[in-house]
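J.: The structure under discussion is supplied below as structure tokens; questions concerning it will follow.
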Amino acid sequence: MTAGNTLTQLASMLVSGDVEVIDLAVPLGPTTPLIKLPPPFKNTPAVKVHTISNYDDDGPFWSWNWLELGEHSGTHFDAPHHWITGRDFADGATDTLPVQKLVGPANVIDCSEATAADPDFLLTADGVRAWEAEHGEIEAGSWVLMRTGWHPRNRSEAEFLNVTDNMPHSPGPSVDCVEYLIGKDIVGWGTECVGTDAGIAGTFDPPYPAHNLLHKNNRYGLASLANLEKLPPKGAILIAAPLKFVDGTGSPIRALALVPKG
Ligand code: MN
């Protein structure tokens, strides 16, 4: 089997639909929920769409807009430069990272039962090991995606952020989970929630381990993913390419997955 033959087969399976393309992005617009940091920290403003022309006197035959949006809005990519621990990687910004890593195998860990019972649920290293015992080892160069059933909440900012007593309650990884996955040499980690860390991860040691440790090791993050229940535990190919913003710390993306039909 040569790479050329494999791609020829893949091409025909994409055309026939035997390989399906799954949309892993949430809608991006003025009502897209965004993370809300407490004072004194600054926040990302809501997405704004400004009309340049709309088949009118400003452009009679064409319609186009310009956008006002944060790098970390909606379904988005966290580059290593997003966190202070990853600030010095020469290839850690959206315009310098190696694109070979942006397409790769996806491991989808289903935590939806646990997170339905406990919104603060943490996936631990032991949880990942148990998943590997059932589905196979997490391979170097792959992505790990935490499936939680959280994405339908994206329609409502209150439900999505799930703040009670001034604390957001949403699932994520434990410190030892992130350490374990870095040891497995993964490319990145993704979740369905507003960020790659759990809502309460500011209380961890270190705080925000998905951000702190992944970016410290030049790995990537994906947030606000959708439709992970349409992916098999193993066997999907993730495509997650940020815009080539110069010196960007992240970017909204149309995350996609290739999956075998059925
Ligand atoms: Mn982010």
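J.: Need one number: nm distance between label points at residue 21 and residue 113, each 7 Å from Cα along Cα→Cβ, rounded to one decimal.
T.: Inter-label distance under the simple model: 3.5 nm.
J.: What do you get for chymotrypsin sites (Phe, Trp or Tyr not before Pro) in the range 193-262 restricted to DSSP loop and a cutoff of at most 14 other Cβ within 10 Å of the site's Cβ? Working shown, then result.
T.: On the way: sites: 204, 220, 245; in loops: 204, 245.
When the chymotrypsin sites (Phe, Trp or Tyr not before Pro) of the range 193-262 are filtered for loop state and at most 14 Cβ neighbours within 10 Å, 245 remain.
J.: Sticking with this one: Once the dipole of the range 70-227 is set up with Lys and Arg at +1 and Asp and Glu at -1 on Cβ about the Cα centre, which of 96, 180, 141 lies farthest towards its positive end?
T.: After comparing all options, I get 96.
J.: Further question on the same structure: With no solvent and one point on each alpha carbon, what is the Debye value of log10 I(q)/I(0) for the chain at q = 0.07, 0.13 Å⁻¹?
T.: Here the Debye-derived log intensity ratios amount to -0.25, -0.85.
J.: Taking the solvent-accessible surface of protein heavy atoms with a 1.4 Å probe, what is the per residue accessible area of the range 127-200 in Å²?
T.: Details: 2920 Å² over 74 residues.
I get 40 Å² per residue for the range 127-200.
J.: Once label points are set 7 Å from the Cα along Cα→Cβ at both residue 163 and residue 103, what is their separation, rounded to one decimal in nm?
T.: In this crude spin-label approximation the distance works out to 4.0 nm.
J.: Please report, as a whole percent, how much of the solvent-accessible surface of the range 1-159 comes from carbon and sulfur atoms (probe radius 1.4 Å).
T.: On the way: 5500 of 9500 Å².
Heavy-atom surface of the range 1-159 belonging to carbon and sulfur, 1.4 Å probe: 58 percent.
J.: Okay, next question. When only Cα pairs under 8 Å and 6 or more residues apart are kept, what is the percent relative contact order across the chain?
T.: Details: 590 pairs, mean separation 76.7, N = 262.
That works out to 29 percent.
J.: On to the next question. Going from most exposed to least, what order do 146, 13 have by accessible area with a 1.4 Å probe?
T.: Numbers: 146 0, 13 80 Å².
The residues order as 13, 146, largest area first.
J.: Next up: Taking only DSSP H segments of four or more residues, each worth -39500 (n - 2.57), what value at 222 nm results for the chain once the sum is divided by all its residues, to the nearest 500 deg cm²/dmol?
T.: Numbers: 6 runs with 53 residues, N = 262.
Calculated mean residue ellipticity at 222 nm is -5500 deg cm²/dmol.
J.: Determine ³J(HN,Hα), in whole Hz, for all residues of the range 65-72 in sequence, where each value follows from phi through the Karplus function 6.51 cos²θ - 1.76 cosθ + 1.60 and θ = phi - 60°; x replaces Gly and Pro.
T.: Per-residue couplings from phi come out as 10, 10, 10, 10, 7, x, 4, 9 Hz.
J.: Moving on. I need the shape label for the range 119-262. Rule: rounded when a/c is under 1.5, else prolate if a/b > b/c, else oblate, with a, b, c from the alpha carbon gyration tensor.
T.: Taking the square roots of the gyration eigenvalues as a ≥ b ≥ c, the range 119-262 is rounded.
J.: Short version: ³J(HN,Hα) in whole Hz for each residue of the range 6-14, in order, from phi by Karplus 6.51 cos²θ - 1.76 cosθ + 1.60 (θ = phi - 60°), x for Gly and Pro, what are they?
T.: Those phi angles translate into 4, 5, 4, 4, 4, 4, 6, 6, 5 Hz.
J.: In the Gaussian network model of the chain, springs joining C-alpha atoms below 10 Å, which of 137, 192, 179 carries the largest mean-square fluctuation?
T.: Per the Cα network of the chain with a 10 Å cutoff, 137 tops the list.
J.: For residue 89, what residues show an amide H to amide H distance below 5 Å, using hydrogens built from the backbone and excluding near sequence neighbours?
T.: Answer set, sorted by chain and number: none.
J.: Report, to the nearest whole %, how much of the accessible area of the range 160-214 belongs to carbon and sulfur atoms, 1.4 Å probe, protein only. Let's see the in-between values first.
T.: Numbers: 940 of 1830 Å².
Within the range 160-214, the accessible surface is 52 percent carbon and sulfur.
J.: Follow-up. Amide H to amide H under 5 Å from residue 222: which residues, 5+ apart in sequence or cross-chain, H placed 1.01 Å off N in plane?
T.: 78, 189, 190, 191
J.: Could you give me the ³J(HN,Hα) list for the range 47-61, computed from phi with Karplus coefficients 6.51, -1.76, 1.60 and θ = phi - 60°, whole Hz, x at Gly and Pro?
T.: 4, 10, 10, 9, 6, 8, 8, 9, 6, 9, 4, 7, x, x, 10
J.: How far is the Cα center of the range 26-59 from the Cα center of the range 161-236, in Å?
T.: The range 26-59 and the range 161-236 have Cα centres separated by 25 Å.
J.: Something else now. Kirkwood hydrodynamic radius (Cα pairs, Å) of the range 38-148? List each step's numbers first, then the result.
T.: Details: mean 1/r = 0.0542 Å⁻¹.
Taking the inverse mean of 1/r over all distinct Cα pairs, the range 38-148 comes out at 18.5 Å.
J.: Explain nothing, just the number: dipole magnitude of the range 103-262 about its Cα centre with +1 on each Lys and Arg Cβ and -1 on each Asp and Glu Cβ, in debye rounded to the nearest 20.
T.: Details: 12 positive and 20 negative charges, 157 e Å.
My answer is approximately 760 debye.
J.: Based on the alpha-carbon gyration tensor of the range 205-247 and its eigenvalue square roots a ≥ b ≥ c, which shape applies: rounded if a/c is under 1.5, prolate if not and a/b is larger than b/c, or oblate?
T.: Numbers: a/c = 2.29, a/b = 1.36, b/c = 1.69.
Oblate, since a/c reaches 1.5 and b/c is not below a/b.
J.: Note down the relative contact order for the range 1-148 as a percent, whole number, built from C-alpha pairs under 8 angstrom at least six residues apart. Provide the component values of the computation, followed by the final result.
T.: On the way: 146 pairs, mean separation 22.1, N = 148.
Relative contact order comes out at 15 percent.
J.: Could you please report the charge total around residue 35, scoring K, R as +1 and D, E as -1 over all other residues with beta-carbon less than 15 angstrom from its beta-carbon?
T.: Details: positive: 36, 42, 153; negative: 71, 78, 157, 159, 192, 197.
That sum, taken over residues with Cβ under 15 Å, equals -3.
J.: Here's something else I'd like to know. Within the range 4-47, whose backbone N sits under 17 Å from a point 7 Å along Cα→Cβ of residue 254?
T.: Backbone N within reach: 15, 20-29.
J.: For the range 59-131, what relative contact order do you get, as a whole percent, if you take Cα pairs closer than 8 Å and at least 6 residues apart? Intermediate values should be presented prior to the final figure.
T.: Values: 23 pairs, mean separation 10.0, N = 73.
Reported as a whole number, the value is 14 percent.
The values are calculated or read from the model by the stated rules, or taken from the named source; none is laboratory data. This structure is a prediction, so every number in the text was calculated from the model and none was measured. Cβ sites come from the backbone with ideal geometry, for glycine too, and all protein chains shown count toward neighbours. Protein only, heavy atoms only, side chains kept; ligands, DNA and RNA dropped before computing areas. Shrake-Rupley method; radii C 1.70, N 1.55, O 1.52, S 1.80 Å.
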